[in-house]
Each structure stands twice: as structure tokens, then as C-alpha cells.
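Below is one structure, written out as C-alpha cells; the observations come after it.
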Amino acid sequence: MKASYLTANDIALASKPYSEGEFVKTCILKAAEIVCSEKLQVFANISLTRNTVAERISNIFENLNSQLKNKVKLFVTFSVALDESTDISDVAQLVIFIRGVDETLSVTVEFLGLVPMTDTTTANGIFNSRWGAEQGRSRLVPFCQHYYR
């Protein structure tokens, strides 16, 4: 099981499609057949189907998200940083970071999200984006509170 998590993590980090797991397994089996054919069944039992890879990546995300929430709860102070960036297809993206300090003065900076901007990238455009205003109330605050509670 650990092998499928490590492989799924590498697939996610490389931004490869989930179906790459099946290709990787084929390569592993061919190499194992030559290097250690007596352990071939162990390698064959590693599940790397598209659905398994998707589930493993989702589990990894949930775990990291939980770790971040627990760490943020220890912050004695924090700030949120917003930055605008443009992706390769020329779509403006709002990048959201949190920076916090715990009681031992250990500083943590973490990426919280990347939001495509359909409006302008001015302060008004950010406020009016889907992470900005909804019925006159900022949605960015609850987004950050999600991590701070």
C-alpha cells in the first residue's frame, strides 16, 4: 500500500494523468521480472489503477489539509497574502498564501489556494471575484477561517 501512495504522490507532483499509474506498473513489472523474478507477485499486487491513484491523491490532500489546519490552530498571529499571476493561457490567477507564527516564534508560510480571476485583478476585482463578495460579505474571511478554526 505504501508503494501505491508513493507512486501516486509522484504522479501528482509531476502533474501527470492518473492513468499513468498503470503505465508505471507495467514498467515496474518488466523491471522486477528481470531483477527479482521471485518477488514478481509482490510488485503485481501494487494497485495503480486510475481510480486507486485518484483515491490515494485525495487521501494525501486530506492528510496535508488536516496537518495544515492543526498547525494554523497553533498560530498566535497570522496574515494572508494575495498575489496575482497569469498562467500560460493568459488567465489571471489569484494566489492565496497564509503566513503564521506560533508561540515558539516558528514561522510557517503555506499555499492555500489558486483561484482563476474572471474579472480585473484590481482590489475591486478581487473583492468581486468568487472568493470576494457575496451579498456584500467577503468570502475570503470564511475561506481563511476554515484553516484557523
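Listed conditions (1) surrounded by 15 or more Cβ atoms within 10 Å (Cβ to Cβ); (2) out of contact with any Lys or Arg (no Cβ under 6 Å at 6 or more places or on another chain) are all met by Tyr18, apart from (2). Among the conditions (1) more than 30 Å from Thr104 (Cβ to Cβ); (2) in contact with a helix residue (DSSP H, G or I) (Cβ under 8 Å, 6 or more places away or on another chain); (3) not hydroxyl-bearing (Ser, Thr, Tyr), Val72 misses just one, which is (1). For segment 77-93, check the following and say yes or no: at least one residue is of a type in the set (A, V, I, L, M), closer than 28 Å to Leu6 by Cα and either under 18 Å from the mean Cα position of the chain (by Cα) or surrounded by fewer than 11 Cβ atoms within 10 Å (Cβ to Cβ) (or both). No, segment 77-93 contains no residue that is of a type in the set (A, V, I, L, M), closer than 28 Å to Leu6 by Cα and either under 18 Å from the mean Cα position of the chain (by Cα) or surrounded by fewer than 11 Cβ atoms within 10 Å (Cβ to Cβ) (or both).
Any residue that is under 30 Å from Ser4 (Cβ atoms) and either at pLDDT below 75 or loosely packed, with under 12 Cβ neighbours inside 10 Å (or both) - is there at least one of those in segment 120-133? No, segment 120-133 has no match at all. Looking at the structure I just gave you, is Leu6 touching a residue at least 24 places away in the same chain (Cβ under 8 Å) and surrounded by fewer than 14 Cβ atoms within 10 Å (Cβ to Cβ)? Judged against the criteria, Leu6 is not a match.
Before we move on, is Leu114 at pLDDT below 85, within 29 Å of Leu6 (Cβ to Cβ) and in a strand (DSSP E or B)? Spelling it out, Leu114 is indeed at pLDDT below 85, within 29 Å of Leu6 (Cβ to Cβ) and in a strand (DSSP E or B). Summed over segment 64-74, the residues that are over 10 Å from the mean Cα position of the chain (by Cα) and either exposed (fewer than 11 other Cβ atoms within 10 Å of the Cβ) or free of Cβ contacts under 8 Å to residues at least 24 places away in the same chain (or both) give a count of 3.
The values are calculated or read from the model by the stated rules, or taken from the named source; none is laboratory data. Nothing here was measured: the structure is a model prediction, and the numbers come from that model. Note that each Cβ is placed from the backbone with ideal geometry, even for glycine, and that neighbours are counted across all protein chains shown.
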